[in-house]
Amino acid sequence: MKSSGSRLTPTTVLVTANVLVYIYTSVAGGNFLETDYSELLRFGQANLSVFAGQYWQLITSMFVHVDIVHLALNMLFLIIFGLRAEELFTTEEYFTIYMLSGLAGSLLTLFLMSPNTLSAGASGAIFGMYGAGLIYMRKTFGQSIVGALMYAFLLLMLSTGAGVNIVAHFGGLAAGLIMGYVLAKSHKDRFWLEDY
């Protein structure tokens with residue numbers, strides 16, 4: 001649980017990082033509205049490149065976006081789900097959920113999609129934040145986790161569409177649900193009620 005007095009929150013750090021990466025790729029590619037293909041090949045997840053040894057793309061791809069609309073939508077959802085997560089998790093837990101969810105999405109993309117796949121975006125990590133917060137809240141307060149899984153599945157289905165990496169979304173969401181469940185069980189002592 002974070003201190004409410006600090007303006008430098010995990011969400012602002014991540015939004016700033018994503019925006020700065022977009023500015024960099026825009027300047028490097030010479031186009032602010034959409035990221036140049038050469039920049040996507042360098043910093044996105046090109047499965048063939050990862051198999052050839054560029055493993056860092058599994059991480060950098062989580063901060064690269066295809067165009068300004070892609071960035072804006074992802075940052076909107078990061079703010080919505082991230083602000084809630086800040087109230088539920090410590091800073092270390094927050095960043096762990098974000099990074100491991102994004103990495104889970106990247107790894108599923110690597111092993112389940114075509115070797116020719118080129119993928120970019122923070123969606124997997126953001127789905128992880130959503131899943132972790134959703135199941136954490138329901139598990140902590142004794143509500144059915146079946147309902148949480150149904151909500152998560154519904155959001156996953158709503159995110160489908162042309163050009164959308166549903167595999168990365170699923171990987172991030174699954175990782176977030178697992179981490180949220182584990183953290184809810186380990187945090188039970190935070191919510192004891194005292195009788196007076």
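Values for this structure:
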{"item": "Distant-in-sequence amide H partners of S119 (H built 1.01 Å from N, under 5 Å)", "result": "Q45, A46, N47"}
{"item": "FRET efficiency estimate (nearest 0.05) - Cβ-Cβ, T12 to N116, R0 41 angstrom", "result": "0.70"}
{"item": "Simple label model, 7 Å out from Cα along Cβ direction - Y37 to W56, nm", "result": "2.4"}
{"item": "Exposure ranking of L103, L134 by accessible area [1.4 Å probe, largest first]", "result": "L103, L134"}
{"item": "Exposure of R42 as accessible area (Å², to 10), given a probe of 1.4 Å and all protein chains", "result": "100"}
{"item": "Global geometry of region 1-134, whether rounded, prolate or oblate, following the gyration tensor of its Cα atoms and the 1.5 cut on a/c", "result": "oblate"}
{"item": "Modelled FRET efficiency - R0 41 Å, I145 with L76, Cβ distances, 0.05 increments", "result": "0.95"}
{"item": "Largest-first ordering by accessible area, 1.4 Å probe, given options L40, L112, L48", "result": "L112, L48, L40"}
{"item": "Virtual spin-label span in nm between F153 and I68, 7 Å along Cα→Cβ", "result": "4.0"}
{"item": "Segment E87-V27, length gained on full extension (0.36 nm per residue, minus Cα span)", "result": "18.0 nm"}
{"item": "Furthest towards positive pole of dipole, G124, Y37, G171, structure part the chain, Cβ charges", "result": "G171"}
{"item": "Convex hull per residue volume in Å³, alpha carbons only, for region 82-148", "result": "88"}
{"item": "Acute angle (nearest 10 degrees) that the helix 145-158 long axis makes with the longest principal axis of the chain, alpha-carbon atoms", "result": "20"}
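The values are calculated or read from the model by the stated rules, or taken from the named source; none is laboratory data. No experiment lies behind these values; they were computed from the predicted model shown. Counting neighbours? That spans all protein chains shown, and the Cβs are built from the backbone with ideal geometry, glycine included. The protein model used for the area step is the full one, side chains on, heavy atoms only, and it has no ligands, DNA or RNA in it. Shrake-Rupley method; radii C 1.70, N 1.55, O 1.52, S 1.80 Å.
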